[in-house]
1. Taking the options Ala319, Ala279, name whichever one is without any contact (Cβ under 8 Å) to a residue 60 or more places away in the chain, more than 18 Å from Ser103 (Cβ to Cβ) and in contact with a strand residue (DSSP E or B) (Cβ under 8 Å, 6 or more places away or on another chain).
2. Of all residues being surrounded by fewer than 22 Cβ atoms within 10 Å (Cβ to Cβ) and more than 19 Å from Leu58 (Cα to Cα) in the stretch 200-230, which is nearest to ligand 1 (Cβ to nearest atom)? Just the residue, please.
3. Quick one: would you say Gln341 is within 16 Å of ligand 1 (Cβ to nearest atom) and under 16 Å from Tyr285 (Cβ atoms)?
4. On the given criteria, is Ala302 more than 28 Å from Val134 (Cβ to Cβ), surrounded by fewer than 20 Cβ atoms within 10 Å (Cβ to Cβ) and within 16 Å of ligand 1 (Cβ to nearest atom)?
5. Return yes when Arg332 is of a type in the set (Lys, Arg) and touching a Lys or Arg at 6+ places or on another chain (Cβ under 9 Å) and no when it is not.
6. Being in contact (Cβ under 8 Å) with a residue 12 or more places away in the chain, of a type outside the set (D, E, K, R) and not in a helix (DSSP H, G or I) is the requirement here; does Ala335 meet it?
7. I'm told His407 meets every condition in (1) more than 10 Å from ligand 2 (Cβ to nearest atom); (2) in a helix (DSSP H, G or I); (3) closer than 20 Å to Gly308 by Cβ except one. Can you identify the failing condition by its number?
Amino acid sequence: MTSTGVLPRSLRSGPDVSFVPRVLPADGSGPEDLSAHLERHGTCAQNHTSKEWRDSVLHEIECAGLFGRGGAAFPTVQKLRAVLAGTRQPLVIGNGTEGEPASMKDRVLLARAPHLVLDGAAVAADIIMAAEIVLVVHREVRAAVDAAVDERLQRGIDRVPVRVVTAADSFVAGEASAVVNWVERGRAVPMDKPPRMSERGLGRRPTLVQNVETLAHLALICRHGSEWYREIGTPGEPGSMLVTIAGSVERVGVREVAIGSRVSDILALAGGPSAELQALLIGGYFGRWISSDSAMTLPFSAQSLKVGLGAGLLVAFPASGCGLAETARLARYMATQSAGQCGPCKFGLPAIAHELEVLAQGGPARMNELTRWLVEVDGRGACSHPDGAARQIRSALDVFHHEVERHLEGWCSASDTTPIPLLIEGGSR
Ligand SMILES: Cc1cc2nc3c(=O)[nH]c(=O)nc-3n(C[C@H](O)[C@H](O)[C@H](O)COP(=O)(O)O)c2cc1C
Ligand code: SF4
């Protein structure tokens, strides 16, 4: 049985929800209750604690090539092994904060298939012999997750207790150390590193912080094995991933696609472009702009697009828009969203945003300074917020270089500078 009773309207099913239905239900229904979940996937190999089981499942995860879906694409097996090497009993945090304003994929996953994420968290807890699972979830899906956790409690299917926490509402709140800070102290700002969370995180215990989508894939690898997992995707980036398709497309939404699907085919899943396009923003606010002409026929993979796929965002930007106005808006947003604790965020990002605003308005922008600051902020913060922002802005100045020249001459070729849908204004924050 499935029901949409506790789903917010924005997360209810639409047609054509998934292209390769693995983690999402094929028919777009949800939330799946436990019976529907078990009917779709069968039982999960959880509540094992033997060393043989742990070694074999770690081997499968390694062979599968599972990497994180929270942004950095880090190999999951390495994080599991790092936490296992600790001396105190560890914890698992499922990160469903979804701080990226244009992303909806973690909410859609938790709203439709909460039990798959909980299975993944339970298996991760078994692998690292964790004492507790903390699931940090966006407020819009709290009710769906609570209902799933209650159902499992009643059926007594989990060995490790699960605590659900509503996530804080800011861009940096989803950074791993900010999540720990939020759960522990109610302050969703990143902490200085080292130590890494895998060494000392929540309650000073080794903590495995894993994006909720990563946990869902982990649950499937434990059921079906690495060979099955690698049946789709590319050799270097196997499997499927959730993509939020936004901007100038007919139907903004989340689709599950095989990694390596053609970019144009993924846009087609969203009904195709709703206007002539000039560029795509791949990977989100920490991602990279790329001209639509060069991207359309390429496979959607980090290797072919030469950019991390981040939280799986694909934003279509129309030919009628001004890429510099949009970039200035994003830069200002990134400057306001930092925790303001480190120099690059306190001084660098606001100065960069100001200079981009001058440029976007056709004023006398100081391009040399702008270029220098974009290099100077890189790698200087306690977290990678300034690095990600600088990377995205540098790519914008490159892709929209004709527009930069026009603006420096005092004019703009855009016919419409309305912010594109879902970039900030349409998001949840
Ligand atoms: C500024 C910033 C914001 C982040 N926001 C999120 C987020 O909202 N959700 C998420 O899962 N990871 C986010 N991350 C990445 C996390 O720090 C962490 O790498 C991730 O949750 C680990 O899970 P994964 O290995 O499964 O991807 C963010 C990172 C940075 C630097
Ligand atoms: S780099 Fe920026 S966002 Fe990251 S901790 Fe420092 S001030 Fe906060």
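The values are calculated or read from the model by the stated rules, or taken from the named source; none is laboratory data. Because the structure is predicted, anything quoted here is derived from the model rather than measured. So basically every Cβ, Gly included, is an ideal-geometry build from the backbone, and we count neighbours across all protein chains shown.
1. Of Ala319, Ala279, the one residue that is without any contact (Cβ under 8 Å) to a residue 60 or more places away in the chain, more than 18 Å from Ser103 (Cβ to Cβ) and in contact with a strand residue (DSSP E or B) (Cβ under 8 Å, 6 or more places away or on another chain) is Ala319.
2. Checked the stretch 200-230; the qualifying residue nearest to ligand 1 (Cβ to nearest atom) is Leu202.
3. No, not satisfied.
4. Yes; evaluated as a whole, the condition is true for this residue.
5. When the stated conditions are applied, Arg332 does not pass them.
6. The answer is no for Ala335.
7. Condition (3) is where His407 drops out.
For every residue, the table says whether it meets (1) within 21 Å of the chain's Cα centre (by Cα); (2) within 16 Å of ligand 2 (Cβ to nearest atom); (3) at pLDDT below 90.
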position: Leu7; (1), (2), (3): yes, no, yes
position: Leu38; (1), (2), (3): no, no, no
position: Val57; (1), (2), (3): no, no, no
position: Val77; (1), (2), (3): yes, no, no
position: Leu80; (1), (2), (3): yes, no, no
position: Arg88; (1), (2), (3): no, no, no
position: Val108; (1), (2), (3): yes, no, no
position: Arg112; (1), (2), (3): yes, no, no
